[in-house]
Amino acid sequence: MEILVCVKQVPDDSVEIALDPKTGAPALDGVTPVVNAFDTYALEMAVRLKEAAGGEVTVLSIGDESVKNSLKNCLAVGADYAYLAADDAYQNADPEVIAKELQAAKAEIEEKTGKKFDIVFCGKETTDFASGQVGTILAKELDVPVTADIVDITAGEGKVTAKQETEEGYRMIESVLPCVVTVNKPEYDPRYPTIKSKMAARKKPIGELETGEIPESTMEVVKVYAPAKRQAG
């Protein structure tokens, strides 16, 4: 099974982010960039699926040169290949633009390698913008089925069965391949890299892709503001 996992580098969400009083933008100086938390869940789920059903896991990200470090971390926890679609202005792009860039990058990887991806994993949302739209828009662009907010997945003959958590219990959804899934927090945590896997990841190359002509973003950020502080009880 050929698996593609789309990841994004975001500011560390364990750090409280303040707004710059001069610009009104988030003050990110000194904040360590990391792989988006929901994307780490997606990668762990994808690696477990590979271990159960066989195949390979490829990770794909959009961003600048600094994202390569995050991709190396993905290689250290089970991904077999990694690709970066260069786009220095990715943080200003809306979900539809990002989805179209991912679609083009996926097609370029398939053309370069001769492989066809059976399933695309995305985190359900990112911890910086939390739009929760990229995975479903990507499925629309690829014209394939999508199952959102899953917490587990198993593979069958030419299909996968995804587990969704609801307020009443769990829902099992069967989908033919190829398909897209977006991942919520599962019952297990992402694995930690070992010294050996980190050393091996350093030696693996990061494939570089051309994003081509980027569609113009249709989204405008009108205002960014901090949430109101809760009153002491």
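The values are calculated or read from the model by the stated rules, or taken from the named source; none is laboratory data. If you're wondering where the values come from, they're calculated on a predicted model, not measured in any experiment. Don't worry about glycine lacking a Cβ; one is built from the backbone with ideal geometry, like all the others, and counts go over all protein chains shown. With ligands, DNA and RNA removed, areas are computed over all heavy atoms of the protein, side chains included. Shrake-Rupley method; radii C 1.70, N 1.55, O 1.52, S 1.80 Å.
Summary of computed values
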read-out: DSSP loop chymotrypsin sites (Phe, Trp or Tyr not before Pro) with at most 12 other Cβ within 10 Å: longest gap in the chain; value: 1-187
read-out: Degrees, to the nearest 10: 37-53 long Cα axis against longest axis of the chain; value: 10
read-out: Neighbour count of at most 13 Cβ within 10 Å plus DSSP loop: longest trypsin sites (Lys or Arg not before Pro)-free window in the chain; value: 117-222
read-out: Antiparallel DSSP beta bridges within the chain, as percent of all bridges there, nearest 5; value: 40
read-out: Cross-link partners of Lys223 among lysines (Cα-Cα below 27 Å; sequence separation of 8 or more within a chain); value: Lys8, Lys22, Lys100, Lys124
read-out: Computed over segment 142-233, Cα set: Rg, Dmax in Å; value: 20.4, 56
read-out: Sites matching GluC sites (Glu not before Pro) across segment 18-115 that sit in DSSP coil, with at most 13 neighbouring C-beta atoms within 10 Å; value: Glu65
read-out: Rounded accessible area per residue of segment 1-123, 1.4 Å, Å²; value: 42
read-out: Computed over the chain: relative contact order in percent, which uses C-alpha pairs under 8 Å that are six or more apart; value: 25
read-out: Estimated vicinal HN-Hα couplings, Hz - segment 135-151 in sequence order (Karplus 6.51, -1.76, 1.60; Gly, Pro = x); value: x, 6, 5, 4, 4, 5, 5, 7, 6, 10, x, 9, 10, 9, 6, 8, 10
read-out: Protein accessible area in the chain, 1.4 Å probe - carbon and sulfur %; value: 50
read-out: Length-normalised contact order of segment 17-121 in % [C-alpha pairs under 8 Å, at least 6 apart]; value: 21
read-out: Set of lysines near Lys159 by C-alpha distance (under 16 Å), chain-local residues within fewer than 8 positions excluded; value: Lys50, Lys116
read-out: Rg(Cα) / (2.2 N^0.38 Å) computed for the chain, rounded to two decimals; value: 1.02
